[in-house]
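Notes for the one structure printed next.
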Amino acid sequence: PEHHDRGLRASTSVLVVAGDLLQKAPADPEDDILMRALRDFNIAKIVKVDEVVFFGLLGDLFPGREPATQVDLEVEAAVEKAIKQVDLWADPVFVRKCVQLDELLAIRHCVFVMGPPGAFKSECWKMLGLAYGIKDPNNPVKIVDINPKVMLTQDLYGYINMATREWKDGLLSNIMRALSQIPDEKPKWILLDGDLDANWIESMNSTMDDNRLLTLASNERIPLKTHMRMIFEIRDLKHATPA
């Protein structure tokens, strides 16, 4: 289906989560830690109709085990405050989704927020960004939101003018370079809010993998630094390539 993630990066992320849980609670049984990593990290990616199959598989792998879910209560409280601050309703499902996005951003530098229109995708990252500022007023999130579909791919990444051999900088490359050159390490998010297609997303491969580099046609490499995140707000993966 169009919403499933079959990449090996998902396996790496589960191992990272499991390692983090093991460091925090070295005395816990390893089966509980691995099950918690598989369950809590992947539940944010699974649609309701697939949960029965997912939990059935987990039950077969870890019979009789049901470790408690660990939630960052500080982030959850900050999200609830942020929602009330803008006069929205703090629905438990909405709050949980915001916390799940925070959990994903903690271990992945590129995250996809998917769903049909009206599925509170935008409000989810907006409320989480506001919650970061409430939790730590000295480290507010700087968010730059652009739509990659409103321009040609060459205008997004930049291109070499064949007549003059001059480099023409692109919007995304300009924003990413500017953010990476800011000397502080406060969180910075680049939001790409637009439908996915193979034209513009293919050039993001080296940014999304562990290289964390945007490679341009001019041979310049712009790093996505450790305090920077890239969030893709899209409807589905219908037009994405396997890469």
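The values are calculated or read from the model by the stated rules, or taken from the named source; none is laboratory data. Worth saying up front: this structure is predicted, and the values here are computed from it rather than measured. In this analysis, Cβ positions are derived from the backbone assuming ideal geometry, glycine residues included, and neighbour counts consider all displayed protein chains. Please note that ligands, DNA and RNA were not included when accessible areas were found on the heavy atoms of the full protein model with its side chains. Shrake-Rupley method; radii C 1.70, N 1.55, O 1.52, S 1.80 Å.
Largest to smallest in accessible area, the residues Arg165, Arg229 fall in the order Arg165, Arg229 (1.4 Å probe, all protein chains included).
Over every pair of different alpha-carbon atoms in region 193-234, take the mean of 1/r and invert it; report that Kirkwood radius in Å.
Details: mean 1/r = 0.0893 Å⁻¹.
It is 11.2 Å.
Counting Lys and Arg as +1 and Asp and Glu as -1 over every other residue whose Cβ lies under 13 Å from the Cβ of Phe120, the net charge comes to +1. Let me know the shape class of region 65-160, please: from the alpha-carbon gyration tensor, a ≥ b ≥ c as square roots of the eigenvalues, rounded when a/c is under 1.5, otherwise prolate if a/b is greater than b/c, or oblate. Prolate shape, in that a/c is at least 1.5 and a/b is the bigger ratio.
Report the gain in length on full extension from Glu76 to Val47: 0.36 nm times residue separation, minus Cα-Cα distance, nm rounded to one decimal.
8.3 nm
Accessible area per residue for the chain is 56 Å², calculated with a 1.4 Å probe on protein heavy atoms, without ligands, DNA or RNA. Reported to the nearest whole Å, the Cα centre-to-centre distance from region 205-243 to region 163-187 is 14. Residue ranking by accessible heavy-atom surface, 1.4 Å probe, largest first, among Arg235, Arg39 comes out as Arg235, Arg39. Calculation over all alpha carbon pairs of region 24-88 in 10 angstrom steps from 0 returns a P(r) of 17, 38, 28, 15, 2 percent. For region 138-197, the pair-distance distribution built from all alpha carbon pairs, in bins 10 Å wide starting at 0, is 20, 42, 27, 9, 1 percent.
With the alpha-carbon atoms of region 9-141 aligned to their principal axes, the span from lowest to highest coordinate is 44, 34, 25 Å, starting with the largest.
Accessible area per residue (1.4 Å probe, heavy atoms of protein chains only) ranks Phe120, Phe62 as Phe120, Phe62, with the largest value leading. In whole Å, how far is the Cα centre of region 19-80 from that of region 130-157? Using only Cα atoms to place each centre, the spacing works out to 29 Å.
Modelled spin-label separation between Asp87 and Asn139, with each label point placed 7 Å from Cα along the Cα-to-Cβ direction: 3.2 nm.
Report, to the nearest whole %, how much of the accessible area of the chain belongs to carbon and sulfur atoms, 1.4 Å probe, protein only. Don't jump to the answer; show the numbers that get you there.
Values: 7500 of 13580 Å².
So the carbon and sulfur contribution to the accessible surface is 55 percent.
Residues whose amide H falls under 5 Å from that of Arg229, counting only those 5 or more places apart or on a different chain, are Lys188, Trp189, Ile190, with hydrogens built in the peptide plane.
May I ask for log10 I(q)/I(0) of the chain at q = 0.14 Å⁻¹, from a Debye sum over the Cα atoms as equal point scatterers with solvent left out? Scattering profile of the chain, log10 relative to I(0): -1.04. Between Ile143, Ile222, Ile160, find the one with the highest GNM mean-square fluctuation for the chain; connect C-alpha pairs within less than 10 Å. Taking springs between Cα atoms under 10 Å, the residue moving most is Ile160.
For region 32-178, the relative contact order is 17 percent, taking Cα pairs closer than 8 Å that sit 6 or more residues apart in sequence and dividing their mean separation by the residue count.
If contacts are Cα pairs under 8 angstrom and at least 6 residues apart, what is the relative contact order of region 1-114 in percent?
Details: 57 pairs, mean separation 30.6, N = 114.
Over region 1-114, the number comes to 27 percent.
Projected onto planes of every orientation and averaged, the convex hull of the alpha-carbon atoms in region 105-241 covers 9.0 nm².
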